[in-house]
Amino acid sequence: MSTTTEFERSLREAQLRVTRPRVAVLGAVRDHPHADTESIIRAVRSDLGEVSHQAVYDVLRVLTDAGLVRRIQPSGSVARYESQLADNHHHLVCRSCSVIVDVECAVGAAPCLTAADDRGFTIDEAEVVYWGLCPDCTTQNT
Ligand SMILES: [Zn+2]
Ligand SMILES: [Zn+2]
């Protein structure tokens, strides 16, 4: 099955109409994990030709709301997007160069952390960002 067919199926399963921009954005997000909106727009344009910023923003919002794309936004960073893998993975973020790397969930299933006091909430997810310096930046600083 081609990836395009796969994306079309995901859209239909999410009750979304299949459009070329939606398929192109899904492809761009999958090919460029943790890409910011500008990088996704560039990737979509190389695929479809001229597409407006607004069109790509709109598609990203629809796909995020539908749960096909996961939006992550570490504080101080622009929003980044990745395919929704439903694996509850976490992120390592470098304070110096802002690179984002996936790291497996601490215990394998959501929520992987137990709050000391859940205050009556039913918790289904824990979002963790580990901040620090990536190996490249650590080397440069020494
Ligand atoms: Zn770095
Ligand atoms: Zn990730």
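Values in this text are rule-based calculations from the coordinates and carry no lab data. Bear in mind the structure is a predicted one, so any value in this text is a computation, not a measurement. Counting neighbours? That spans all protein chains shown, and the Cβs are built from the backbone with ideal geometry, glycine included.
The Stokes-Einstein estimate for the range 3-82, based on a Kirkwood radius over Cα pairs and taken at 37 °C with 0.692 mPa s viscosity, is a diffusion coefficient of 264 µm²/s.
The angle between the Cα long axis of helix 37-48 and the longest principal axis of the Cα atoms of the chain comes to about 30 degrees, rounded to the nearest 10. With the cut-off at under 16 Å, measuring from each backbone N in the range 1-36 to a point 7 Å along the Cα-to-Cβ line of Glu127 picks out 34-36. Counting only residues 5 or more places away or on other chains, whose amide H sits under 5 Å from the amide H of Asn88 once H atoms are built in the peptide plane? It is none; the list stays empty. Between Arg12, Arg71, Arg119, the Gaussian network model of the chain with springs among Cα atoms under 10 angstrom shows the greatest mean-square fluctuation at Arg119.
Computed over the range 87-142, the quotient of the alpha carbon radius of gyration and 2.2 N^0.38 Å is 1.43. On the basis of the beta-carbon distance and an R0 of 30 Å, Asp47 and Asp87 show a calculated FRET efficiency of 0.70.
Taking θ as phi - 60° and the Karplus parameters 6.51, -1.76 and 1.60, the scalar couplings of the range 49-56 work out to x, 5, 9, 6, 3, 4, 4, 5 Hz in sequence order, x denoting glycine and proline. Among Asp118, Asp65, Asp102, the residue with the largest mean-square fluctuation in a Gaussian network model of the chain, with springs joining Cα atoms closer than 10 Å, is Asp118. With R₀ set to 30 Å, the beta-carbon distance separating Val99 from Thr3 gives a calculated FRET efficiency near 0.70.
Here the Karplus curve 6.51 cos²θ - 1.76 cosθ + 1.60, taken at θ = phi - 60°, turns the phi angles of the range 14-22 into couplings of 8, 6, 10, 5, 7, 10, 4, x, 5 Hz, with x standing for Gly and Pro.
For the chain, a simple Cβ point-charge model (Lys and Arg +1, Asp and Glu -1, everything else neutral) yields a dipole of about 440 debye relative to the Cα centre.
Largest GNM mean-square fluctuation among Val25, Val44, Val103, using the chain with Cα springs under 10 Å: Val103. In terms of surrounding Cβ atoms within a 10 Å radius of their Cβ, Ser52, Ser83, Ser75 rank from fewest to most as Ser75, Ser52, Ser83.
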